[in-house]
Structure formats: structure tokens, C-alpha cells
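Notes follow once the structure below has been shown.
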Amino acid sequence: MTAAHTLVSHHLCPYVQRAAIALAEKGVPFERVNVDLANKPDWFKAVSPLGKVPLLRVRQGGQEEVIFESAVILEFLEETETTPLHPADPLMRARHRAWIEFGSAILNAIGRFYSAPDEAAFLKESSGLSEMFARVEAELSARQSGPWFAGDRFSLVDAVYGPIFRYFDTFDSIGDFGILDGKPLVHAWRNKLSKRQSVKEAVGADYPRRLHAFLRAKASYLSEIIRLQAIVAPQARSA
């Protein structure tokens, strides 16, 4: 039987991962279709007004509607599927939405970090990211909750930050940039999310290789570090 939902995806997109995690947490069967954003097919351009992923294709009553933008997809799933991931209290729900927006700001900062063209810009973006995670650390401390953002209950905030922390698995394999240093609650949250089945299965097994190749191909300071490692490592093995 064909699933009623199709998630139009890209292998590396963290916003797609949010939707995949939410669908999995709610137990909603879905198909996944990856598109090449560097060579967008005509059918994709026809249904994606912004030319971006994710899209959620929803079949209902013999018809199909296409929902775009990850935040809208998450809210649609909250309104139509069981297992709510938002708090019931309106004030807490607003607070969670605000921290989801902060997560989007972190993703933008991560993009600036790996795209920084030189050392000065790279260090500036690294410091900025560290400050943003210090705000997250303070929020976790104020809430005194764990293991998830809202305590014992997995929420949409967790679904958003799982893909964020996944970047650092690859960053850590490249170098020690100190962005998450001195943030024990952030570290504990990251570790817990890394073991969550929905988070692990939101990407393919080849995600680390794909991300590493993507970062290496950037004309950036980080890509120079990666290329230098590729030169030094064989020399170290032969020494």
C-alpha cells in the first residue's frame, strides 16, 4: 500500500531531517524522495515555490496537496496526527516555537561557519556559535530538565536540535574548534539525541561521507583544513 505522505528530501538538508524525525515520532508511514538541488527536476520546480526542500506531498481523498517549509510541515503534523510533540500549555508551546526559531538561527550560523573564507571570519563565526550554544546551555540550566528539552517528553525542539548536533559529529572529526566546550548540559542533550532512533534514521548511512565531501568542496577556510589533513595523514602514516 502506498503511503499517504511523501517527504521530498535532500541527503544533507537538516530541515528535511526535522520533518523525518517528527513523522517517525508520530508513527506516520511515509515515502522519501531525494532530489538533486543542483539540478532540480521540472516536477520539483512546479510544486516548490521557493525551490527548497522539504516538501510534504499529502494524498487525501484521491487528491494531492503539497506543503512547503519545514515549520509549516511540523505544525501540519501536529494538527493532523496523534502523539503531540508540542506542549499542551499555550505559553510553553510558544516558548518551544521560539527555541525552534533559535535552532534555525543556529543552522544559519553553522552555514556561515563552514563557509567562512578565511581564518579571521572562521574564528568570528566559531565564537558566535559558541555564544549561541551558551544561550542554549543557560536555558537548559534554568529549566533543570532532562534528558530532553522539555524533561522526560521528547518534543519538536528535540527534533530540531538533533540535526544541528549531527553537524558536530563531522566537525569533531576535522578538528577541535571548542564551540561546545564548557557546556555540559548541551553535551548531555547532544549525546541523548544521538541515540534516539528517529534521529539516527533521519539520514542515510552515507550521510557522514556526503557531508565531509560537501565541506571539502567548499571554497572556505574549513575546506582548506580538510584538504591539509588529507595531505598530512598519508605522510604521518609513512613516517
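Please pick out the residue among Ser155, Ser145 that is free of Cβ contacts under 8 Å to residues at least 40 places away in the same chain and surrounded by 12 or more Cβ atoms within 10 Å (Cβ to Cβ). So that I can check it myself, show each step before the final result.
Values: Ser155 fails: free of Cβ contacts under 8 Å to residues at least 40 places away in the same chain.
Being free of Cβ contacts under 8 Å to residues at least 40 places away in the same chain and surrounded by 12 or more Cβ atoms within 10 Å (Cβ to Cβ) holds for just one of Ser155, Ser145, which is Ser145.
Against the conditions (1) over 22 Å from the mean Cα position of the chain (by Cα); (2) closer than 22 Å to Leu211 by Cβ; (3) open to solvent by less than 90 Å² (accessible area, probe 1.4 Å), where does Pro117 fall short? Just the number, please.
(3)
Give the residues of region 1-52 that are under 20 Å from Asn108 (Cβ atoms), among the aliphatic types (A, V, I, L, M) and open to solvent by less than 80 Å² (accessible area, probe 1.4 Å), sorted by residue number.
Leu12, Val16, Ala19, Ile21, Leu37
Of these, Arg97, Arg112, Arg93, which one is open to solvent by 20 Å² or more (accessible area, probe 1.4 Å), touching a Pro at 6+ places or on another chain (Cβ under 6 Å) and not in a loop (DSSP other than H, G, I, E, B)?
Working: Arg97 fails: touching a Pro at 6+ places or on another chain (Cβ under 6 Å); Arg112 fails: touching a Pro at 6+ places or on another chain (Cβ under 6 Å).
Result: Arg93 is the single residue among Arg97, Arg112, Arg93 that is open to solvent by 20 Å² or more (accessible area, probe 1.4 Å), touching a Pro at 6+ places or on another chain (Cβ under 6 Å) and not in a loop (DSSP other than H, G, I, E, B).
Mind listing whichever residues of region 178-201 are among the charged types (D, E, K, R), crowded, with 19+ Cβ neighbours inside 10 Å and part of a helix (DSSP H, G or I)?
Let us first name the residues in region 178-201 that are among the charged types (D, E, K, R), namely 181, 183, 190, 192, 195-196, 200-201.
Subset that is crowded, with 19+ Cβ neighbours inside 10 Å: 183, 190, 196.
Scanning region 178-201 gives a single hit, Arg190.
Considering each residue of region 115-142, count those that are among the charged types (D, E, K, R), touching a residue at least 12 places away in the same chain (Cβ under 8 Å) and in a helix (DSSP H, G or I), and give that number. Spell out how you get there, then give the answer.
The initial filter retains those residues of region 115-142 that are among the charged types (D, E, K, R), namely 118-119, 124-125, 131, 135, 137, 139.
When the remaining residues are screened for being touching a residue at least 12 places away in the same chain (Cβ under 8 Å), the result is 118-119, 125, 135, 137, 139.
The next check asks that each one be in a helix (DSSP H, G or I); those that pass are 119, 125, 135, 137, 139.
Residues flagged as among the charged types (D, E, K, R), touching a residue at least 12 places away in the same chain (Cβ under 8 Å) and in a helix (DSSP H, G or I) within region 115-142 amount to 5.
The values are calculated or read from the model by the stated rules, or taken from the named source; none is laboratory data. What you are looking at is a predicted structure, and each value in this text was computed from that prediction instead of being measured. Positions of Cβ are generated from backbone atoms using ideal geometry, with glycine treated the same way; all protein chains shown enter the neighbour counts. For the accessible areas, the whole protein counts, side chains as well, though only heavy atoms, and no ligand, DNA or RNA atoms are used. Shrake-Rupley method; radii C 1.70, N 1.55, O 1.52, S 1.80 Å.
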